[in-house]
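Reviewing the structure listed below.
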Amino acid sequence: MASISASSILLLIAVLSLSVSATLVEDLANLKPPPDFNSTIKGNCLHNPSLRYCNYSSAMELVEIFKSTIVASYLCNESKNPNCVESFPKIDLRSRPKIVPLYLSYSFFWKYCPLTILSIDLSNNSLKGSFPADVLSCTQIQALDLSLNALAGDVPVESFTPLSNLTFLNLSFNYFSECKISDSQFFKRFNASSFLHSGLLPSHRNYKIKAIFLLLGFPIFVILIIVCFGWLCFRRPDYLPRLLQRKHKFTPAILKAATGQFSRKNLVAKSEGVSMYKGSLRDGTEVRIEIYWDNISREDHRRFIKECKVLVQLCHKNLVQVFGWCNDRKLRAIVTEWTEGENIEMWLSAGSVPSWKQRLKVLLGVVEGMCYLQEQWPEVGYDLRTRSVMLSDNLEPLISRFKVGVQHSNTKNIYKFGVFLLEIITNRRPQEEFERGEAGFIEYIRMSYPGNLCNVFDSRMQLSENMFDQARHGIALGLMCTDQSTSKYPSLNQILNMIIRVYESCLVTASQSHRRTHRDGDKRHKRALSR
């Protein structure tokens, strides 16, 4: 039997008396500990308390100790130790691939590894799988050779720490996972020859590959990043962080994405050279995109951008907000807020007839927007027609068409407002219903004023006596604004003050009418109860 320690001669002799013809596997399966095995173990431990098996506490552990002596006997002879009765100094199983996995599977042997073993050689066995950590239980070894195998995975670096006597180590020619064993104080005692082609230390070839990848791959990566960033800047800047986006500047790619590649379902209106689309920007904002497909000169392009830079600064509740523009060689566009409401012309002709108070509110909003433009942006002209003024959901009028650099005189603007005012009150279309257009429309109203106004007012509008009088004053104001035979036009501020007074008077009248109706209802209710 292989010696578990130098003081276990009696146990060794007892096991050596086993039949030499029996195989290791058969012996482990059939042999049982002899009756005096327990006393033999205790006797050995009295002589040498440092023996690994001295702390056993159960019968099962006693069987494991017995099995370990059987494995030790076979392994000592397989390793060609000179005198297994006296000592067991080495495990030498190099180039023995058929039996090495068997011995490595006996974890109970390595658990009680004899203290006499100083060298373990399992090299050149084509071992596969993870590092055989059980062999490190032989903490007294001075040499360990696991080279020329196919071991892989991580090396249990921390488990090497108890091997204080280890002076020779060879893990070369394996496939371990790369780790920084140089950071461990224990492995500093060994040179690189212990780890050749083990996977633990990167080879020079790997260094070269990594260096080539770094020298070539990193610049390519940087170039790709720059190309992508440039593409985003010039094509889709809406993907960039808000701080890096060009404010108010849209690209054709953004407009195509917003309109579904200019799909027909998003086309709102179309005329010669101009298309109107409904779109949705990347942040969810719904917009109106007015696209001009005409070719213009470079000077006109510069003028267009200059105008747009002014329009994006307009900020008033009665002006459509301009978000920005697109200026490409083949495509120009202005992007404004989307309004779900209809224009004033459609609103007047709708089935639900606008009341006098609602019409006054629209007029008040239009004049407030005109005053803002006159005071803050006199260089901005605007189209003041019932079909070009939009209406929001809360009945706020929105002037939507502007022209920068076209100097409309105050007289011209007041004239346009006069026509707009008369259209609001009468619900008539000058260009469609009168042969001479606006001139014929104004002449028709002037001939009916003041004695035949019932034929002029929108017949669907229900007017009280007070409201009729207010509407009559409104007709007078409209005629005053459109009277081109005199130079005495009212100013915008005067018009604003007049409309404010009429609107406030209308609110008071409506409130009084509501209270009177409520009182009359209460009186009728009391009379009904008294009966």
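What does DSSP give for the chain in terms of the percent of beta bridges that are antiparallel, rounded to the nearest 5?
Details: 29 of 44 bridges.
So the antiparallel bridges in the chain amount to around 65 percent.
Could you tell me which label, among [x] 107, 33, 17; [y] 41, 26, 21; [z] 34, 29, 22, carries the value of semi-axes √(5λ) of the Cα gyration tensor in Å calculated for this structure?
Evaluating semi-axes √(5λ) of the Cα gyration tensor in Å on these atoms matches [x].
About the Cα centre of segment 97-230, what is the dipole size in debye to 20, counting +1 per Lys and Arg Cβ and -1 per Asp and Glu Cβ, all else neutral?
260
Starting from the Cα gyration tensor of segment 328-380, take the square roots of the eigenvalues, sort them a ≥ b ≥ c, and report rounded, prolate or oblate (rounded when a/c is under 1.5, otherwise prolate if a/b is larger than b/c, else oblate). Please list the in-between numbers first.
On the way: a/c = 3.87, a/b = 1.40, b/c = 2.77.
Taking the square roots of the gyration eigenvalues as a ≥ b ≥ c, segment 328-380 is oblate.
Taking R0 as 25 Å, what's the FRET efficiency between SER95 and LEU62 from their Cβ-Cβ distance, rounded to 0.05? Display every interim value, and only then the final one.
Working: r = 35 Å, r/R0 = 1.42.
With R0 = 25 Å, the Cβ-Cβ based efficiency is 0.10.
At most 16 other Cβ atoms within 10 Å and a DSSP loop assignment: could you name the GluC sites (Glu not before Pro) in segment 241-325 that fit? Please report the intermediate quantities before stating the final value.
Values: sites: GLU272, GLU286, GLU290, GLU299, GLU307; in loops: GLU272.
Qualifying residues, ordered by number: GLU272.
For LYS210, which aspartates and glutamates qualify as cross-link partners when the Cα separation must be under 15 Å and same-chain residues fewer than eight apart are set aside?
Straight-distance partners of LYS210: GLU178.
Towards the positive end of the charge dipole of the chain, with charges on Cβ (+1 Lys, Arg; -1 Asp, Glu), say which of SER355, GLY153, CYS454 has the farthest Cα.
After comparing all options, I get CYS454.
Spelling out what I want: for every residue of segment 66-78, take phi, set θ = phi - 60°, compute 6.51 cos²θ - 1.76 cosθ + 1.60 (Karplus), and round to whole Hz; glycine and proline get x.
Once θ is set to phi - 60°, the couplings for segment 66-78 become 4, 4, 5, 5, 5, 4, 4, 5, 5, 5, 4, 5, 4 Hz.
Which of ASN493, PHE221, GLN185 sits farthest toward the positive end of the charge dipole of the chain, with +1 on the Cβ of Lys and Arg and -1 on the Cβ of Asp and Glu?
ASN493
Given axes a ≥ b ≥ c from the Cα gyration tensor, I'd like to know whether segment 58-129 is rounded (a/c under 1.5), prolate (a/b larger than b/c) or oblate. Let's see the in-between values first.
Values: a/c = 2.23, a/b = 1.28, b/c = 1.75.
Because a/c hits 1.5 or more and a/b fails to exceed b/c, segment 58-129 counts as oblate.
Run down the lysines and flag those whose C-alpha is under 17 Å from the C-alpha of LYS90, throwing out any fewer than 8 positions away in its chain.
LYS80, LYS111
What order, most packed first, do the peptides 449-459, 216-226 have when packing is the mean number of other Cβ atoms within 10 Å of each residue? Write down the numbers at each step before the final one.
Numbers: 449-459: 13.5, 216-226: 10.1.
Answer by packing, highest mean first, reads 449-459, 216-226.
Kindly sort ARG236, ARG436, ARG329, ARG52 by accessible area of their heavy atoms, largest first, with the probe set to 1.4 Å. Could you put the intermediate results ahead of the total?
Working: ARG236 35, ARG436 145, ARG329 210, ARG52 75 Å².
Of ARG236, ARG436, ARG329, ARG52, the descending order of accessible area is ARG329, ARG436, ARG52, ARG236.
Give me the distance in nm between label points sitting 7 Å out from Cα along the Cα-to-Cβ direction at GLU86 and ARG189, one decimal.
Simple spin-label model gives 2.8 nm for this pair.
Which value, in debye to the nearest 20, describes the size of the charge dipole of the chain about its Cα centre when Lys and Arg Cβ atoms bear +1, Asp and Glu Cβ atoms bear -1, and nothing else is charged? Could the numbers behind the result be given before it?
Working: 64 positive and 48 negative charges, 347 e Å.
About 1660 debye.
Out of segment 267-305, which trypsin sites (Lys or Arg not before Pro) are coil in DSSP terms and have no more than 13 other C-beta atoms within 10 Å?
Details: sites: LYS270, LYS278, ARG282, ARG288, ARG298, ARG302, ARG303; in loops: ARG282.
Answer by residue number: ARG282.
If amide H atoms are built 1.01 Å from N in the plane of the peptide, which residues on other chains or at least 5 residues away come under 5 Å of the amide H of VAL268?
Amide H neighbours of VAL268, under 5 Å, 5+ apart: MET276, TYR277, LYS278.
What trypsin sites (Lys or Arg not before Pro) in segment 83-113 are in a loop by DSSP, with at most 10 other Cβ atoms within 10 Å of the Cβ? It would help to have the intermediate numbers written out before the result.
Working: sites: LYS90, ARG94, LYS98, LYS111; in loops: ARG94, LYS98.
In loop regions of segment 83-113 (DSSP not H, G, I, E or B), the sparsely surrounded trypsin sites (Lys or Arg not before Pro) are LYS98.
Starting from 0.36 nm per residue, how many nanometres of slack lie between SER505 and LYS111 once their C-alpha separation is accounted for? Provide the component values of the computation, followed by the final result.
Details: separation 394, 0.36 × 394 = 141.84 nm, distance 10.48 nm.
Using 0.36 nm per residue and subtracting the Cα-Cα distance, I get 131.4 nm.
For segment 458-473, just list the computed ³J(HN,Hα) in residue order, Karplus coefficients 6.51, -1.76 and 1.60, θ = phi - 60°, integers in Hz, with x standing in for Gly and Pro.
With the stated coefficients, segment 458-473 comes to 4, 5, 7, 7, 8, 10, 6, 4, 5, 5, 4, 5, 5, 5, 4, 5 Hz.
Grab the DSSP H runs of the chain that are 4 residues or longer, score each as -39,500 (n - 2.57), total them, divide by all residues and round the 222 nm result to the nearest 500 deg cm²/dmol.
On the way: 17 runs with 218 residues, N = 531.
It comes out at -13000 deg cm²/dmol, rounded to the nearest 500.
Check the straight Cα-Cα distances from LYS416 and name the lysines below 28 Å, setting aside those fewer than 8 residues away within the same chain.
Cross-link targets: LYS270, LYS306, LYS309, LYS317, LYS357, LYS361, LYS403, LYS488.
Leaving out ligands and nucleic acids, note down the accessible area per residue over the chain with a 1.4 angstrom probe, in whole Å². Before the final figure, lay out the partial values.
Values: 29670 Å² over 531 residues.
I get 56 Å² per residue for the chain.
Can you classify segment 348-481 as rounded, prolate or oblate using the Cα gyration tensor, where a ≥ b ≥ c are the square roots of its eigenvalues, rounded means a/c under 1.5, and otherwise it's prolate if a/b beats b/c and oblate if not? Intermediate values should be presented prior to the final figure.
Details: a/c = 1.80, a/b = 1.41, b/c = 1.28.
The shape class here is prolate.
Angle, helix 298-311 long axis vs. longest principal axis of the chain, Cα atoms, 0 to 90°, nearest 10?
90
Express the relative contact order of the chain as a whole percentage, based on alpha carbon pairs under 8 Å and six or more residues apart in sequence.
Numbers: 748 pairs, mean separation 36.9, N = 531.
Relative contact order for the chain comes out at 7 percent.
Check which residues have an amide H placed less than 5 Å from THR139's amide H, if you skip close sequence neighbours.
It is none; the list stays empty.
Tell me, what is the FRET efficiency for PHE213 and SER177 to the nearest 0.05, using R0 = 22 angstrom and their Cβ-Cβ distance as r?
On the way: r = 20 Å, r/R0 = 0.90.
Efficiency, rounded to the nearest 0.05: 0.65.
Could you list which residues have their amide H under 5 Å from that of GLY153, counting only those 5 or more apart in sequence or on another chain, with H placed in the peptide plane?
SER177
If one takes the longest principal axis of the Cα atoms in the chain, at what angle in degrees, from 0 to 90 and to the nearest 10, does the Cα axis of helix 492-530 lie?
90
Between ASN455 and SER352, how high is the FRET efficiency from 1/(1 + (r/R0)^6) when r is the Cβ-Cβ distance and R₀ = 25 Å? Nearest 0.05.
On the way: r = 23 Å, r/R0 = 0.93.
Rounded to the nearest 0.05, the efficiency is 0.60.
The values are calculated or read from the model by the stated rules, or taken from the named source; none is laboratory data. These numbers come from a predicted model, not from an experiment. We place every Cβ from the backbone using ideal geometry, glycine too, and count neighbours over all the protein chains shown. Side chains included, ligands, DNA and RNA excluded: accessible areas come from the protein's heavy atoms. Shrake-Rupley method; radii C 1.70, N 1.55, O 1.52, S 1.80 Å.
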